[in-house]
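K.L.:
Before I ask anything, here is the structure I am working with.
The values are calculated or read from the model by the stated rules, or taken from the named source; none is laboratory data. Predicted model, so just to flag it, every value in this text is computed and none were measured. Cβ atoms come from the backbone with ideal geometry, glycine included; neighbour counts cover every protein chain shown. Heads up: the accessible areas ignore ligands, DNA and RNA and are worked out on the full protein's heavy atoms, side chains in. Shrake-Rupley method; radii C 1.70, N 1.55, O 1.52, S 1.80 Å.
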Amino acid sequence: MRRLLNTLYVTLPDAYVGAKGETLIIRSDGVKEMQVPIINLESVIVFGYRGVSPDAMQLCIDNHVSLVFLTPYGQFKARITGETKGNVHLRRTQYRWSDNGEQTLLLAKRFLFSKIGNARVSLQRTLRDYPDRVDQDRLKSVLLLLNRQIREINNSQSLDELRGAEGLAARSYFSVVSEQILVNKQGFSFKGRVKRPPTDPVNALLSFLYTLLANDVTHALETVGLDPQVGFLHRDRSGRNSLALDLMEEFRVYFADRTMLTLINRQQIFPDDFVRKESGAYFLKDDARKIVLTEWQQRKRDEIRHPFFDEKIAVGLLPYAQAMLLARYLRGDLDDYPPFFWK
Amino acid sequence: MISGIQHFAFCQRQWALIHIENQWRENVLTTEGNHVHQRVDDSGFDETRGVFRIVRSVPLVSESLRIRGIADMVEFERQSEKCEETVMLDGREGNWKVTPVEYKRGKPKSDDRDIVQLCAQAICLEEMLGVKIACGAIYYAETRRREQVMFSDSLRLRVKTLVAGMRLLYDENRTPRAEYQKHCERCSLISICKPKWSAKGYSKSAAAYVKRFVEGGEDQSDDC
Ligand code: SF4
C-alpha cells in the first residue's frame, strides 16, 4: 500500500498560501506561519477566503496534490485537481455499469451492507464497553432491526426497495446515537440527522466530519482513476459526487460518527465550542475546529488489519484501498466488490 | 516510449500500469532513481575528449519500430578508417563509430530488461544515422562497471517482439492480469499492483467474503 501523506488544513481565516521552490508557504497578515515541502502532502484544504497563489496552485497540480476550498464553516466550494489519471476503459466500464440495473443494485447493496454492518459494530462496541451506562434494551432492539434490514437489503429487487430498507435502518441507528454519548448529555442531545443547516452541536460536528470524509474519499477515487461523480446507489446529479457518496457509506460510522463520539466522550469538545447563528444553524468555533482536525489526522495514522486482504494498513488509506478494490472489480479482476466491514 | 521496453520486458502488467494507466509514473521514476540521470539529463551537452565525442540526452526515433525516446548518452569514437560502422559528423573531420551508453543506478540484472532497452536505442540510432551498431554499453553505478552489450540478431528479434506486444496492449488499452511470480517481490509497483489480490490462482473470493458477512449477520441476531 502506498504511503499515507498528510493533508494540510489551512484554517487561519486570513491565511494566504504561496509557493517557494518545492514548498508551500502559509502567510497570515504577511507573516510566515509555516512552510511545508510539497512532497509530504496529499491534499491541501483551505478554510477561508484569502486564497492560494497561482504558483502554489501550479505546484500542487504538478505534484498531484489536490486543492480544496471550503468556507470557514466547512462547506465545500471548489476543488482543483491535476490531469485525470488512470485508464479511460475503467471509467467507461464505470459509466456502463452505472446504467446497468443489475450491477447497480449489486454494488448499492455492497455499500449499504458495509454502512449498516459498521453501524452494528459501533453499537455492539458501545454495549460491550459501557454496559452499565447505556440503555441496553434500546440498543439491542436496534441491533435486531439492523440485522433484519441487512437481510431486507440482501433480498431487495430494486434501488427503491433498497433505499426504503436503508432509510429505516439509518433512522433507527440515529435514534440511539445519543445513547452512545456518555457525557454532557444535555448540551449534546441528538434526535436525528439534520443536514442543511445543522441545527444542533452534534449535527454540526457530523456535518463537518462528513465534509472531511467526502474530500478524502473523492481524492481516493480520483487517485485510482474512477470518476467520483458517477455513482451506483446515488444517481447522477450535476455537481454531486455520487460515487464518493456511495463509497462514503462504508466510512460514515467508522470514521465520522466514531470520531464525533470520541471527541465528545473524551471531553475534547464541549457544547460551548459551537456558535449558533441567527438562522438557528450551529457551527464549530475556530479553536474547536482545530481540535477536530487534529483528531481526524491522528485517526488516519492508526493502523487496522484490512478485513478482505488481511494486511495492516493505515486507517487513512482505507478509502484508497476500497477505491482500488472497486476499480479491480470493475476491471474484472475480482469476482465481487468486497466493501469495508469493520470487525 | 523506449524506456517502456525495460518495464515490458520485466513484466507486461508493470508496463501497462505505468504506460497505459499513467497512474504511477512518478512513483517509478523516484524508485528507479533519476539521480544518476540528473547528471546525464543535460540536453545539448556535448564534449570532446581525445578521440571521443560524447553527446547526452539524444532524442531517438525509429520508423520501423514506431517508437521514440531519449538515449542517456551516445558516444562517438573517431576511427582511422571509414566502414559500415562509422558515420560522418557535421562540422567535424573523420569517421566516427557510434555507441549508445545507458546509465543504471543498480547492478546488472538477471533478466534482459536493460539490454533490450539499449538495443532499442541502437536500432533507432542505426536508422537515424544510416549506420551499423554492433555493440553498446551499460554503466552500472552500483558496481561502477561498464558492461558491453552485443546486439545479436536474436536480441534484435526480441526487441521487435516486445515492441509488437506493447503496441497490441496499447491499442487495446488493456492491462493484463497479475501473475504472481518471484520477480514480483523485486517489483517497484508491487504495492500498487497487489498481485496476490487478483492474480490467477491467488485471487481471494470477494463473493465469499460478502456472503460470509450476510450470513454472519443472521447468526448474530441470536445473541442480541
Ligand atoms: S507485482 Fe508482479 S505482476 Fe505486478 S507489476 Fe510487478 S511484477 Fe508485474
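K.L.:
Of the residues that sit in the stretch A:276-329 and are in contact (Cβ under 8 Å) with a residue 60 or more places away in the chain and of a type in the set (S, T, N, Q), which one is nearest to the other protein chains (Cβ to nearest Cβ)?
P.N.:
A:322
K.L.:
Exactly one condition in (1) modelled with pLDDT of 85 or more; (2) away from chain B (no Cβ under 14 Å); (3) buried (at least 18 other Cβ atoms within 10 Å of the Cβ) is not met by residue A:139; state its number.
P.N.:
For residue A:139, the exception is condition (2).
K.L.:
Tell me, which strands (runs of 3 or more DSSP E) wholly within the stretch A:1-84 include 3 or more residues that are surrounded by 15 or more Cβ atoms within 10 Å (Cβ to Cβ), among the polar types (S, T, N, Q) and touching a His at 6+ places or on another chain (Cβ under 9 Å)?
P.N.:
Those strands (runs of 3 or more DSSP E) do not exist here; none qualify.
K.L.:
Report the residue count in the stretch B:201-221 for those that are open to solvent by less than 40 Å² (accessible area, probe 1.4 Å) and either at pLDDT below 80 or within 16 Å of the ligand (Cβ to nearest atom) (or both).
P.N.:
Counting residues in the stretch B:201-221 that are open to solvent by less than 40 Å² (accessible area, probe 1.4 Å) and either at pLDDT below 80 or within 16 Å of the ligand (Cβ to nearest atom) (or both) gives 3.
K.L.:
Among all residue pairs at least 6 apart or on different chains, which show Cβ distances below 6 Å where the first residue, located in the stretch A:122-141, is among the polar types (S, T, N, Q) and the second is at pLDDT 90 or above and part of a helix (DSSP H, G or I)?
P.N.:
Filtered contacts from the stretch A:122-141: A:122/A:253.
K.L.:
Can you pull out every residue in the stretch A:208-248 that is more than 14 Å from chain B (Cβ to nearest Cβ), among the charged types (D, E, K, R) and open to solvent by 10 Å² or more (accessible area, probe 1.4 Å)?
P.N.:
A:216, A:227, A:235, A:236, A:237, A:240
K.L.:
Ok, one more. Kindly list, by first and then second residue, each pair from a residue in the stretch A:208-228 that is free of Cβ contacts under 8 Å to residues at least 24 places away in the same chain to a residue that is not in a loop (DSSP other than H, G, I, E, B), limited to pairs with Cβ atoms under 8 Å and residues at least 6 apart or on different chains.
P.N.:
Here the result reads A:228/A:217; A:228/A:218; A:228/A:221; A:228/A:222; A:228/A:242; A:228/A:243; A:228/A:244, each pair linking the stretch A:208-228 to a residue that is not in a loop (DSSP other than H, G, I, E, B).
K.L.:
Quick one: how many residues across the stretch B:63-91 are over 27 Å from the mean Cα position of the chain (by Cα) and on the phi > 0 side of the Ramachandran plot?
P.N.:
1
K.L.:
Kindly indicate which of B:19, B:7 is within 16 Å of the ligand (Cβ to nearest atom), within 14 Å of chain A (Cβ to nearest Cβ), closer than 19 Å to residue B:60 by Cβ and at pLDDT 50 or above.
P.N.:
Of B:19, B:7, the one residue that is within 16 Å of the ligand (Cβ to nearest atom), within 14 Å of chain A (Cβ to nearest Cβ), closer than 19 Å to residue B:60 by Cβ and at pLDDT 50 or above is B:19.
K.L.:
Next up: Where in the stretch A:274-317 are the strands (runs of 3 or more DSSP E), entirely inside, with at least 3 residues that are open to solvent by less than 60 Å² (accessible area, probe 1.4 Å)?
P.N.:
A:282-284
K.L.:
Continuing with this model, one more query. Looking only at the stretch A:88-104, decide whether some residue is over 30 Å from residue B:193 (Cβ atoms) and either part of a helix (DSSP H, G or I) or under 22 Å from the mean Cα position of the chain (by Cα) (or both).
P.N.:
Yes, that holds for at least one residue.
Yes/no per residue for (1) at pLDDT 90 or above; (2) surrounded by fewer than 18 Cβ atoms within 10 Å (Cβ to Cβ); (3) closer than 17 Å to residue A:233 by Cβ; (4) hydroxyl-bearing (Ser, Thr, Tyr):
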| residue | (1), (2), (3), (4) |
| --- | --- |
| A:146 | yes, no, no, no |
| A:150 | yes, no, yes, no |
| A:154 | yes, no, yes, no |
| A:168 | yes, yes, yes, no |
| A:179 | no, no, no, no |
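K.L.:
Under 8 Å between Cβ atoms, which residue pairs at least 6 apart in sequence (or on different chains) link something in the stretch A:9-35 that is of a type in the set (Lys, Arg) with a partner that is open to solvent by 40 Å² or more (accessible area, probe 1.4 Å)?
P.N.:
Listed by first residue and then by second, the contacts come to A:20/A:35; A:27/A:16; A:27/A:33.
K.L.:
Sticking with this structure for a sec: Answer with yes or no whether residue B:198 is within 16 Å of the ligand (Cβ to nearest atom) and modelled with pLDDT under 80.
P.N.:
Yes, satisfied.
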